[in-house]
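To keep things clear, I will list the structure first and then write my remarks on it.
The values are calculated or read from the model by the stated rules, or taken from the named source; none is laboratory data. Source: prediction; values computed, not measured. Note that each Cβ is placed from the backbone with ideal geometry, even for glycine, and that neighbours are counted across all protein chains shown.
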Amino acid sequence: MAAIPKSPFLLLVIVLFSLISLAVSSESDDDRVSELLTLQSRSQSGLIRLNDQSISRYLTSVKTPRPYWIVIFFDALQLHEKSELRLKELRTEFALVASSYIANSKDPSSPSHGKLFFCDVEFKESQSSFALFGVNALPHIRLIAPHQGPKESDQMDQGDFSRLAESMAEFLESKTNLVVGPIHRPPLFSRGQLILIALGFLITLPFIVKKILAGQTLLHDRKFWLLGAVFVYFFSVSGAMHNIIRKMPMFLLDRNDPSKLIFFYQGSGMQLGAEGFAVGFLYTIVGLLMAFMSHVLVKVKNVNVQRVFMIFALLVSFWSVKKVVYLDNWKTGYGVHGYWPSSW
Amino acid sequence: MATADASNGTSIRNAIGSVLSFFILILIGVLAFSIRLFSVIKYESVIHEFDPYFNYRVTQYLTKKGIYDFWNWFDDRTWYPLGRVIGGTVYPGLTLTAGTLWWILNSLNIPLSVETVCVFTAPIFSAFASWATYLLTKEVKGPGAGLTAAVLLAMVPSYISRSVAGSYDNEAVAIFALIFTFYLYVKTLNTGSLFYATLNAIAYFYMVCSWGGYTFIINLIPMHVLLCIITGRYSSRLYIAYAPLVVLGTLLASLVPVVGFNAVMTSEHFASFLVFIIIHVVALVYYIKGILSPKMFRVAMTLVVSVGLAVCCAVIAILAALVASSPTKGWSGRSLSLLDPTYASKYIPIIASVSEHQPPTWPSYFMDINVLAFLVPAGIIACFSPLSDASSFAVLYIVTAVYFSGVMVRLMLVLAPAACIMSGIALSEAFDIFTRSIKFQLPYHSGHSHVHAGDASLDSTVESDNVSKTEKSDDTSKERSLKKNKKKEKEPVEKPLSSKSQVKRLLVLPFEASIIAIFLLVLLGAFYVVHSVWAAAEAYSAPSIVLTSHSDDGLHVFDDFREAYGWLSHNTDVDDKVASWWDYGYQTTAMANRTVIVDNNTWNNTHIATVGTAMSSPEKAAWEIFQSLDVKYVLVVFGGLVGYPSDDINKFLWMVRIGGGVFPHIKEPDYLRDGQYRIDSMATPTMLNCLMYKLSYFRFVETDGKGFDRVRRTEIGKKHFKLTHFEEVFTTHHWMVRIYKLKPLKNRIRGKKKSKSKASSSTGSKRKGSRRNPY
């Protein structure tokens, strides 16, 4: 009783709303842990959905130190469409950490069992909790230690969820000294799917072999290989691999003038998606035009057609090379110059 | 009569062409060699950077002690107190090459020093590499393309960056070995000669000796063989080119200690064994097809296919089980990050952090292969018309290399030769057509052209050229040319139809447009030359052991590193141990001849972490760690006075991270203020008290009175402090290297007395340190 600062009536309301137990507030910490455990087992993802009432029940109204840690993911459904916040992705990753933790400490005798609870709070349902924690920007993940109040608790930095579930788990392990254990990611294909794929492959295998022996697959078509080779070349020189690994956006918004888009980034260490493809296209087009001239155009009989196409190809090639040289000098800041010894 | 005349004319022309090619090749070699001398001219004949110093030291040992001692060399000058087995852990190709060169020169009474030989090994081998490129491209598309490719390779910036005079590293000889191995493979493929197949295995052996990149060869060639089989291009020449390479190559590769049983145990090599099995199955099928009637064959076919498939499945299953039983699935982290580009960034931060392993952006391509990037697509298309075994190999090479270079900027080096070959083909083809267009449409020439052009300008030009060329190269052995003709039978079946249906007409482009096109091509080539020379002179020639800077009052030379190493070698005892961050390990052992704790061969993470921890600890704790390692001197590199950005303060966070990875009491956030790394007055106390800060900035305020750091562009946080456990013994002219000595232990009795008398004095912490110190 003494531990709870609010009036008994309010408390009663809270307890009623908390949907879990009808017991009065004199219950011990153990009861709260077991309630949280049942809530946890009820939810599919292992996340406990908290609202204003349950937050006060499990956090603010509990005498510190609490027997458990709580980590809260602040969620807002209406912001799920904003892809740059990555809320959806982070939430699934967070749930992944939760379920892995639960699975790894399932055994009641393990030291981590019932020590850390993964919760989420929805903005629409529990706006006052957002205010209570002082959350005004998402994504926001907060870890509340047993002795901490909502304000002084630790916030997970941008860096801590940069590598998703793994780095979240590292953060939690370093702060709580509990063991999260390995992250159990659901496999890409389920077992049934895998068997189906293997079966399908085995069935089609004889047909494929027959086709290959007969020599009439797509693989025997030179054009297919040619296109493939040129495409791989285009893909690589455009730096698309860089964009994939670094998850670069196609373009950026100009900070000074939001209505403008930035397609070209100055500085050689980084590039934007559209920029890479544009230059990759310029790289590729010159060679293609050259090949066009030396393999197709020579066979054309009409001299004037040849002339027009050639002039066109030369102009385009010249322009592309010039453009790339200009862009490169602009981007890297190198000034390529002839190198003559000034004196001997 | 006419044909005899014509053949006589062509043979004279061929002879002149060969002589010309020979001289052009010599000039290309001179070009490749001399463009790499900028570093010697601008600086001096000195070994560059870090790893080359190790190679240099190994070469010195080899020339002094001989090959057997080198093979068994246990180096106790490094990784103290662990030491390192050198003979079994280096790729010996480079060392043996330079050692042999030195030995030959010396036995010819040309007394060059080992260092000179080492400095010039890379330029010499880049000349060889351009000749190898000529040979390879000649096999693919004829001598014209070969010469163009060779001249392009002689000055491709990407290759220059790894082979300037003084950069004495594995890649210097490995690129030559790579191209030469490919040449011998293609040569075997074209001739079907066992002689070349054997040479190919030996060249592969040389490549294995030289560079870890040999796995590229042993995966690319099987890929090509598989491709040929799938697209129905199997021939006995393919078998001869491949089977001996796998058998001999693997046996030879396992002779190299650093590879050893890896040649059969790791997944990088499994592809070759798998294809080895497949090619035997296919060979069997073709053989049976040859000896049976078509009807019988069909019966046998089903039998063989089913048995063959069963065998294949069994073998694949065994292989898969073998692979799956190893934890990383048998692939090393680097190889995995090539297959799945996002792998490294997710799981191996240490690989992802190295700048060489970053994925390149488009300007990197422009910097490293320059205008070749524009020409490659034309080369690819030229290789497809017509597609031969050799040209399909070239296409496969460029495609895989360009993909890998997209993942790791370092592999641009492998792409460069491929890009040169492709561009050489493209350029030579374009020049061929444009010059032909001009030549046969010149006003006074118009009457002649049809007669002369006869066979030279038909659609089948390339085809007939190819045939004549291959026959020419084959006429030493009748049997081979017979085989060749058999092989060629397939093509002529289609060929006559197409060439007959074509009107006998010049394949030319408009005269004036061709002139413009040639002009533009020459312009493009000129731009390439200017860019390459600029890259060689400005971007890639700095030895990084001697630094220069241009300012208003002229050229400044910073030779502090050698000054410091010289001081160490003259003023310290031979057996003294010097601690520094691992970057300077190779240089210290090579130039100062002193024992180091860690060096650039980062095989033992714990040991590096120990040094990192010492550098990030407060003075006393650091002193204890160093004392436990027998360290006498500590060397730090400091750029704050002259503005040298890659100094230890800038690398310091890595020391903290690596140290913290093993010793958890070092925590990175302790060194960061609000996630920012800073050394000014806002820096954290941990940062201001750590050894690296103190050793770097000790007495720094005396230089300008304010302690302004020119690299971080800020005034330092803690300006006046004294060192308790270390004493400064040497600081170089520009303060770039500072050497400290560990203060000796206090005399035990005196310490005790002091502790009684001066219990409240300010030296309390130090006194306690020396008393508690267990050493």
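Scanning the range B:393-409 for residues that are at the interface with chain A (Cβ under 9 Å from one of its Cβ atoms), crowded, with 24+ Cβ neighbours inside 10 Å and among the hydroxyl-bearing types (S, T, Y) yields a count of 1. Pairing residues of the range A:291-314 that are facing chain B (nearest Cβ under 7 Å) and touching a residue at least 24 places away in the same chain (Cβ under 8 Å) with residues that are surrounded by fewer than 17 Cβ atoms within 10 Å (Cβ to Cβ) and of a type in the set (D, E, K, R), at Cβ distances under 9 Å and at least 6 apart in sequence or on separate chains, gives no pairs at all. Tell me the residue from B:S541, B:S551 that is surrounded by fewer than 16 Cβ atoms within 10 Å (Cβ to Cβ) and either out of contact with any helix residue (DSSP H, G or I) (no Cβ under 6 Å at 6 or more places or on another chain) or within 14 Å of chain A (Cβ to nearest Cβ) (or both), please. Answer to the check: B:S551. Restricting the first member to the range B:224-250 and to residues that are closer than 24 Å to A:L226 by Cα, and the second to residues that are among the polar types (S, T, N, Q) and surrounded by fewer than 18 Cβ atoms within 10 Å (Cβ to Cβ), no beta-carbon pair is closer than 6 Å while six or more apart or on different chains. May I ask you to verify whether B:A174 is buried (at least 17 other Cβ atoms within 10 Å of the Cβ), under 20 Å from B:G93 (Cα atoms) and of a type in the set (A, V, I, L, M)? Criteria met by B:A174.
When the range B:593-646 is filtered for residues that are crowded, with 20+ Cβ neighbours inside 10 Å and either under 26 Å from the mean Cα position of the chain (by Cα) or modelled with pLDDT under 85 (or both), the ones remaining, listed by number, are B:V598, B:D599, B:I608. Return yes when A:F94 is in the same structural domain as A:F133 (by TED's automatic domain parsing) and within 21 Å of A:L132 (Cα to Cα) and no when it is not. No; evaluated as a whole, the condition is false for this residue. Scanning the range B:49-71 for residues that are at pLDDT below 90 and either in contact with a Ser or Thr (Cβ under 8 Å, 6 or more places away or on another chain) or outside any helix (DSSP H, G or I) (or both) turns up B:E49, B:F50.
Taken over the range B:205-230, the residue count meeting the criterion of being in contact with a Gly (Cβ under 8 Å, 6 or more places away or on another chain) and assigned to a loop (DSSP other than H, G, I, E, B) is 1.
Looking across the range B:372-392, the residues that are facing chain A (nearest Cβ under 7 Å) and in a loop (DSSP other than H, G, I, E, B) come down to B:F384, B:S385, B:L387. When restricted to residues that are buried (at least 20 other Cβ atoms within 10 Å of the Cβ) and part of a loop (DSSP other than H, G, I, E, B), the range B:88-141 contains 3. In the range B:174-204, the qualifying residues are those that are small (G, A, S) and in a helix (DSSP H, G or I), and the one that is farthest from the other protein chains (Cβ to nearest Cβ) is B:A201.
Scan the range B:163-177 for residues that are polar (S, T, N, Q) and farther than 12 Å from B:G212 by Cα and jot them down.
Of everything in the range B:163-177, those that are polar (S, T, N, Q) and farther than 12 Å from B:G212 by Cα turn out to be B:S163, B:S167.
Scanning the range A:244-290 for residues that are surrounded by 15 or more Cβ atoms within 10 Å (Cβ to Cβ), assigned to a loop (DSSP other than H, G, I, E, B) and among the polar types (S, T, N, Q) returns A:S268, A:Q271.
Against the list (1) more than 21 Å from B:D368 (Cβ to Cβ); (2) within 11 Å of chain A (Cβ to nearest Cβ); (3) in a helix (DSSP H, G or I), the condition B:V529 fails is (1). For the range B:590-624, taking the residues that are among the charged types (D, E, K, R) and in a loop (DSSP other than H, G, I, E, B), the one that is farthest from B:L742 (Cα to Cα) is identified as B:D599.
Set side by side, the residues B:V40, B:V46 differ, and just one is part of a helix (DSSP H, G or I), surrounded by 12 or more Cβ atoms within 10 Å (Cβ to Cβ) and hydrophobic (A, V, I, L, M, F, W, C), which is B:V40.
Within the range B:682-710, residues that are at positive phi have Cβ atoms under 6 Å from residues that are in a helix (DSSP H, G or I) in these pairs: B:G707/B:V701, counting only partners at least 6 apart in sequence or on another chain. Every condition in (1) in a strand (DSSP E or B); (2) more than 18 Å from A:L37 (Cα to Cα) holds for A:D120 except the one numbered (2).
Within the range B:694-719, being in a strand (DSSP E or B) and either of a type in the set (S, T, N, Q) or touching a helix residue (DSSP H, G or I) at 6+ places or on another chain (Cβ under 6 Å) (or both) holds for one residue alone: B:T714. Within the range B:685-699, the set of residues being touching an Asp or Glu at 6+ places or on another chain (Cβ under 8 Å) and hydrophobic (A, V, I, L, M, F, W, C) comprises B:M687, B:L691, B:M692, B:F698.
Condition check ((1) at pLDDT 90 or above; (2) touching a helix residue (DSSP H, G or I) at 6+ places or on another chain (Cβ under 6 Å); (3) within 20 Å of A:I244 (Cα to Cα)) across all residues:
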site	(1), (2), (3)
A:G269	no, no, yes
A:L272	no, no, yes
A:V286	yes, yes, no
A:L289	yes, yes, no
A:S294	no, yes, no
A:K299	no, no, no
A:V303	no, no, no
A:V308	yes, no, no
A:A313	yes, yes, no
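Report, by residue number, each residue of the range A:40-67 that is within 14 Å of A:Q148 (Cα to Cα) and assigned to a loop (DSSP other than H, G, I, E, B). Within the range A:40-67, A:S61, A:V62, A:K63, A:T64, A:P65, A:R66, A:P67 meet the criteria. Among the residues of the range A:72-80, not a single one is touching a residue at least 60 places away in the same chain (Cβ under 8 Å), assigned to a helix (DSSP H, G or I) and out of contact with any Gly (no Cβ under 9 Å at 6 or more places or on another chain). Only helices (runs of 4 or more DSSP H) whose full extent lies in the range B:237-330 are considered here, and none of them has at least 2 residues that are under 26 Å from B:G212 (Cα atoms) and acidic (D, E). Any chance the range A:224-233 includes a residue that's at pLDDT 85 or above, surrounded by fewer than 20 Cβ atoms within 10 Å (Cβ to Cβ), touching a helix residue (DSSP H, G or I) at 6+ places or on another chain (Cβ under 7 Å) and within 9 Å of chain B (Cβ to nearest Cβ)? Scanning the range A:224-233, I find at least one residue that is at pLDDT 85 or above, surrounded by fewer than 20 Cβ atoms within 10 Å (Cβ to Cβ), touching a helix residue (DSSP H, G or I) at 6+ places or on another chain (Cβ under 7 Å) and within 9 Å of chain B (Cβ to nearest Cβ), so the answer is yes.
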